[in-house]
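One structure below.
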Amino acid sequence: MAYSDKVIDHYENPRNVGSLDKESSNVGTGVVGAPECGDVMKLQVQIEEGVITDAKFKTFGCGSAIASSSLATEWLKGKTVEEATAIRNVDIVEELALPPVKIHCSVLAEDAIKQAISDYESKQGND
Amino acid sequence: MTSTDVQQIYLDHQATTAVDERVVEAMLPYFNNKFGNAASRNHQFGWDAEKATQSARETMAAGINAKSREIVFTSGATESNNLAILGVAKMYAPKGKHLITCSTEHKAVLDPMAALQNAGYEVTVLNVDTKGNIDLNELRNAIREDTILVSLMMANNEIGTIHPVKAIGDICHENGVLFHTDATQAVGKELINVQEMNIDLLSGSAHKMYGPKGVGFLYVRRRNPRVRIEPVFYGGGHERGMRSGTLNVPGIVGMAKAFEICQTDRDSDHQRITALRDSLQAQLAAELTHLTINGDENNRLACSLNISFAFVEGESMLMGMSGIAVSSGSACTSASLEPSYVLRAMGVGDDLAHSSIRFSLGRFTTQREVDRAAELTISTVKRLRDMSPLYEMALEGIDVASVSWGAH
Ligand SMILES: Cc1ncc(COP(=O)(O)O)c(C=O)c1O
């Protein structure tokens, strides 16, 4: 299987691997996928005054899944919540040149973003 | 490929092997100088080709304690399996239409079985235990009046588990049922004696034993009982009518040479490869936690090591271990998008199937290569676990299996 240079780069130098304090009121956590399916993504955002000031991920999955979540955290930092929810999986597919069999990796990343933000919003009591 | 090739380390010998130089040498004359058709009965070119295939037939037969007239040359084990299963099914249909196999067989056995089911035959697929072994009592109980064939492999291609072929053969013969074994992974590595083991049909392939691709054989017993099969190909009536088609003379010569070398070197290869495999396993176990050995540790091929590295996914592991050629049971590495059905049949969870790597060592594997492979595997697994949410949960004491995961 041939990987694009960008997938390889994210796999070899993943951005923002790690965890934020999931109990913190300004951190939103999204965990999507399932081990039986071969991918689980955990994506976390830290939000201050409507802006994402930090993002972290941990991923169990193939190289494309790791790259999709790594790219997502890179994009999220500095974005407003509104901008973040506008990220679409096709943007990730395009940026990483994912082949059709790997599109589900980008879908997971989009879902993880949405879940993390909605977790944050429910903590703020405004969902 | 030579052992000093440090760039690429080949640990995928259960997929295929390099052709041994001695085999290449033996084959070469049969491409040009001695290019004759073994079926040409009236000139020197034909006689030379016929002589070479006859000598190869004797080598193959002697290696499994058969007679040369019991060897049918084919294009590989896929064909041998199809010929054995479909050939017996058609020929013995008047006697019965029931066949028995097991869930961890190669697709080249399971798919012709499925085709027979579609054609009105009944197939019993035996289950295996967590190590890939069948239950002999289950086999005994599955045999019926109308059972015509039991097809059970000698050694498994993914996990290396070796079936108790002699015991299976005995049960089949006591019950008057023919026994076919797909011995593709065992020929040249394990001792095979079709008489002692009561084997009626046996499939093998050259490219798994340092011979060329595209050539194999089927042993078909001629006495006690005499096995008859309906051909799958019709044509010139080669191979006593069982397999028409001009013989692949260079391939057949190469297969026999390869088998001969395997037999001469079997004991020393077996010992050396077992030691290397055990060394690889020990190095991994010394540095990594949460490992599962898939297969039967006390009864597997010397070359074979199939391990699940919990919390990391197989394809991402392969990406990190670039330069080491191995294979994975992860869905992401196969065309089917399903994790290994063999591991699944053994009750290995899909999560651990996605985390499995098969290392298979061979004649040219060196200690240095094993050390390098171990080192790279260990560093890759550690790195990926550091970014695995499942590993994080495990460290926090959360049982990953107890979490309810969303549908995806
Ligand atoms: C157990 C088993 N049976 C059958 C085959 C098919 O052999 P061939 O490639 O010669 O058709 C293989 C090899 O992939 C195998 O491992």
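Label positions at B:N299 and B:E174, each projected 7 Å from the Cα along the C-beta direction, are separated by 1.6 nm.
When you have a sec, figure out the Kirkwood radius of chain B from all distinct Cα pair distances and drop it here in Å to one decimal? All intermediate terms of the calculation are to be shown ahead of the outcome.
Numbers: mean 1/r = 0.0446 Å⁻¹.
22.4 Å is the Kirkwood radius here.
Figure note: B:H270, B:H98 ranked by solvent-accessible area, largest first, 1.4 Å probe, ligands and nucleic acids not counted: B:H270, B:H98.
Between B:L291 and B:M91, the simple spin-label model (points 7 angstrom out along Cα→Cβ) gives 4.6 nm. Of all stretches in chain B that contain no GluC sites (Glu not before Pro) in a DSSP loop with at most 15 other Cβ atoms within 10 Å, the longest one is B:1-144. Using the Cβ-Cβ distance between B:Q54 and B:E230 with R0 set to 35 Å, the FRET efficiency from 1/(1 + (r/R0)^6) comes to roughly 0.90.
Give me the percent of Cα-Cα pairs in region B:289-375 that sit more than 16 Å apart, rounded to a whole number.
Numbers: 2000 of 3741 pairs.
Here the long-distance tail beyond 16 Å is 53 percent of all Cα pairs in region B:289-375.
Taking amide H as placed 1.01 Å from N in the peptide plane, B:I100 has its amide H under 5 Å from the amide H of B:T124, B:L149, B:V150, B:S151, each at least 5 places away in sequence or on another chain. P(r) for chain A, from all Cα pairs and a bin width of 10 Å, is 15, 49, 30, 6, 0 %, short bins first. Relative protection proxy for A:79-88, B:382-391, from highest mean packing down: B:382-391, A:79-88 (other beta-carbon atoms within 10 angstrom).
Take chain A with all the other protein chains still there, run a 1.4 Å probe, and you get 42 Å² of accessible area per residue.
What average count of beta carbons from other chains do you get within 10 Å of the Cβ of residues in B:314-321? Mind dumping the intermediate values first?
Working: counts 2, 7, 12, 2, 3, 10, 3, 0.
For peptide B:314-321, the averaged partner shielding equals 5.
For B:K34, a cut-off of 21 angstrom between C-alpha atoms picks up these lysines, skipping any fewer than 8 places away in its own chain: B:K51, B:K213, B:K257. Unpaired cysteine residues in chain A (no second Cys Cβ under 4.7 Å): A:C37, A:C105. Of the residues B:A38, B:M91, B:V249, the one whose Cα sits farthest toward the positive end of the charge dipole of region B:21-261, with +1 on the Cβ of Lys and Arg and -1 on the Cβ of Asp and Glu, is B:A38. In the frame of its principal axes, region B:21-261 has Cα extents of 55, 36, 30 Å, reported largest first.
Ranked from largest to smallest solvent-accessible area, with a 1.4 Å probe on the protein heavy atoms, B:Y219, B:Y92 come out as B:Y92, B:Y219. Mean partner shielding of peptide A:54-61, defined as the number of other chain Cβ atoms within 10 Å of each residue Cβ, is 6. Orientation-averaged projection of the protein assembly as shown equals 27.6 nm² [convex hull of Cα atoms, one quarter of hull surface area].
Working note: Karplus 6.51/-1.76/1.60 with θ = phi - 60° gives region B:265-277 the couplings 9, 4, 5, 5, 4, 4, 5, 5, 5, 4, 5, 5, 4 Hz, where Gly and Pro are set to x.
Ligands, DNA and RNA are left out, and with a 1.4 angstrom probe the accessible area of chain B is 41 Å² per residue. Counting only protein heavy atoms and a probe of 1.4 Å, the accessible surface of region B:164-279 is 50% carbon and sulfur.
Each label was represented as a point 7 Å from its Cα along the Cα-to-Cβ direction; for A:N26 and B:E25 these points are 7.6 nm apart. The angle between the Cα long axis of helix B:367-386 and the main principal axis of chain B comes to about 50°, on a 0 to 90 degree scale. DSSP assigns beta bridges within region B:21-261; of those with both partners inside it, close to 40 percent run antiparallel. Kindly state, to the nearest 0.05, the FRET efficiency for B:N141 paired with B:N65, given R0 = 30 Å and r defined as their beta-carbon distance. The calculated FRET efficiency here is 0.50. Taking amide H atoms as placed 1.01 Å from N in the peptide plane, the amide H of B:E313 lies under 5 Å from those of A:G61, each 5 or more residues away in sequence or on another chain.
The values are calculated or read from the model by the stated rules, or taken from the named source; none is laboratory data. Remember, predicted model here, so these are calculated numbers, not experimental data. Cβ atoms come from the backbone with ideal geometry, glycine included; neighbour counts cover every protein chain shown. For the accessible areas, the whole protein counts, side chains as well, though only heavy atoms, and no ligand, DNA or RNA atoms are used. Shrake-Rupley method; radii C 1.70, N 1.55, O 1.52, S 1.80 Å.
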